[in-house]
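What follows is a short report on a single structure.
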Amino acid sequence: MSWFVDKGVDLKTEDDGRVFPVSNNSSSVIDCLLSEAKCRGVSLQTGKLVTSASASASGKFLLKIEKRTLKSVELVEADYLLIASGSSQQGHNLAVQLGHSIVDPVPSLFTFKIEDAQLVELSGVTFSKVIVKLKLENVQRNIPQLTQVGPMLVTHWGLSGPAILRLSAWGARYLYSSGYKGKLSVDFVPDLHVEDLKSMLSQQKNRFLKQKVLNSCPMELQLIKRFWKYILDREGLVGDTLWASVSNSSIVSIANLLKHCTFEVKGKGQFKDEFVTAGGVPLSEIHLNTMESRIQPNLYFAGEVLNVDGVTGGFNFQNAWSGGYIAGSTIGRLAAGNANLVGAL
């Protein structure tokens, strides 16, 4: 973090530990990295694809590089090879060519598609703190990570926000195997016990008997009117209903709905909007203190090409940069040592 701040990219840390640039613009990070790479003399070759990699008997790597526009092939020999290709299939193919296995990649960090016409009308509404719990038919045992706490956002296709994204990350493989279908339970008032909530609603009824329920949501709940209407609609209470005509059973139902509001998850968000991929080279095949392959000497991996995926808020970047730093530093030391050895000879 101090490295970025020193380069002029100010950062902010959210209450839940997520870190973002103060600009709220990812280009701040990208521009900083590209500028630093240019200053350091890093050669960035674009429009090219590494299509194959092999290791010779002498331990050197032979890379086949093809230009995307021209039908030209370039062969490059290297003493060390670092694969940091993200979730690209290209990196997985190269890893397999060099003897590694791949944990099947599946999407992670995605939004939930909810088919609910009334929910769509709440698009843009945010909740600062909810508890979300995911239930899947193919998962019978209790998995603590399938319950998450945090902010949530209603979108025009379903639900998003940090709590949902964390849920998708921890449940990535379970959701994949269930066809991205399941039941989501949301507690919209997590800091209130259901009995206290019932009492609050009963008091509201007794104080405002002649007022419309729609126009007099308990102030303590801090619910916006659109969402309060959504809850009442689900309970079958129309806009003109007075508190006086709300039965005790309806009050219980409203309280239960606010504490355990269920939604049918019909799929993951549209536009292939997942941010990260779970899967890749297994960590068991890597020396994590150097990021070197346990299978092929002088071969290194870093970032999302490995079977690592974190939650939103900078954790995947941290994984990529920490791994890249360890791998790069290791290669640098080895290369410098070999150069000194040649000089001594």
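Looking at G150, G124, G91, which one is assigned to a loop (DSSP other than H, G, I, E, B) and not hydroxyl-bearing (S, T, Y)?
On the way: G150 fails: assigned to a loop (DSSP other than H, G, I, E, B); G91 fails: assigned to a loop (DSSP other than H, G, I, E, B).
That would be G124, the only listed residue that is assigned to a loop (DSSP other than H, G, I, E, B) and not hydroxyl-bearing (S, T, Y).
What's the total number of residues in segment 175-188 that are touching a helix residue (DSSP H, G or I) at 6+ places or on another chain (Cβ under 8 Å), open to solvent by 10 Å² or more (accessible area, probe 1.4 Å) and part of a helix (DSSP H, G or I)?
0
Name the residue that is nearest to the chain's Cα centre (by Cα), counting only residues in segment 1-20 that are surrounded by 11 or more Cβ atoms within 10 Å (Cβ to Cβ) and under 24 Å from K129 (Cβ atoms).
Restricting to residues being surrounded by 11 or more Cβ atoms within 10 Å (Cβ to Cβ) and under 24 Å from K129 (Cβ atoms), the top hit is R18.
Could you look through segment 137-174, keep only residues that are open to solvent by 20 Å² or more (accessible area, probe 1.4 Å) and in contact with a Lys or Arg (Cβ under 6 Å, 6 or more places away or on another chain), and pick out the one that is nearest to T111 (Cα to Cα)?
Among them, the one singled out is W157.
I'm trying to understand the selection: among the residues of segment 290-305, which are open to solvent by 20 Å² or more (accessible area, probe 1.4 Å) and not in a strand (DSSP E or B)? Full working, then the answer.
Just the residues of segment 290-305 that are open to solvent by 20 Å² or more (accessible area, probe 1.4 Å), to begin with: 290, 292, 294-298, 304.
Selection gives T290, R294, I295, Q296, P297, N298, E304.
For a quick check of your reading of the model, give me the residue pairs whose first member lies in segment 51-63 and is farther than 12 Å from N298 by Cα, whose second is in a loop (DSSP other than H, G, I, E, B), with beta-carbon atoms closer than 7 Å and at least 6 apart or on different chains.
A53/L98; L62/S56
Considering each of L94, L75, L167 in turn, give the residue that is under 17 Å from F301 (Cβ atoms) and of a type in the set (A, V, I, L, M).
Checking each option against the conditions leaves just L94.
With respect to A57, is the statement that it is outside any strand (DSSP E or B), open to solvent by 60 Å² or more (accessible area, probe 1.4 Å) and either closer than 28 Å to A95 by Cβ or in the same structural domain as L299 (by the TED database) (or both) true?
Numbers: outside any strand (DSSP E or B): yes; open to solvent by 60 Å² or more (accessible area, probe 1.4 Å): yes; either closer than 28 Å to A95 by Cβ or in the same structural domain as L299 (by the TED database) (or both): yes.
Considered against the rule, which asks whether it is outside any strand (DSSP E or B), open to solvent by 60 Å² or more (accessible area, probe 1.4 Å) and either closer than 28 Å to A95 by Cβ or in the same structural domain as L299 (by the TED database) (or both), A57 comes out as yes.
Restricting to segment 32-54, what's the tally of residues that are in a helix (DSSP H, G or I), within 29 Å of the chain's Cα centre (by Cα) and of a type in the set (A, V, I, L, M, F, W, C)?
4
Is it the case that some residue within segment 109-123 is farther than 30 Å from I231 by Cα, open to solvent by 50 Å² or more (accessible area, probe 1.4 Å) and not aliphatic (A, V, I, L, M)?
Looking through segment 109-123, none of the residues is farther than 30 Å from I231 by Cα, open to solvent by 50 Å² or more (accessible area, probe 1.4 Å) and not aliphatic (A, V, I, L, M).
The values are calculated or read from the model by the stated rules, or taken from the named source; none is laboratory data. Model, not experiment: these values are computed from the prediction. Positions of Cβ are generated from backbone atoms using ideal geometry, with glycine treated the same way; all protein chains shown enter the neighbour counts. Ligands, DNA and RNA are excluded from the accessible area calculation, which covers all protein heavy atoms including side chains. Shrake-Rupley method; radii C 1.70, N 1.55, O 1.52, S 1.80 Å.
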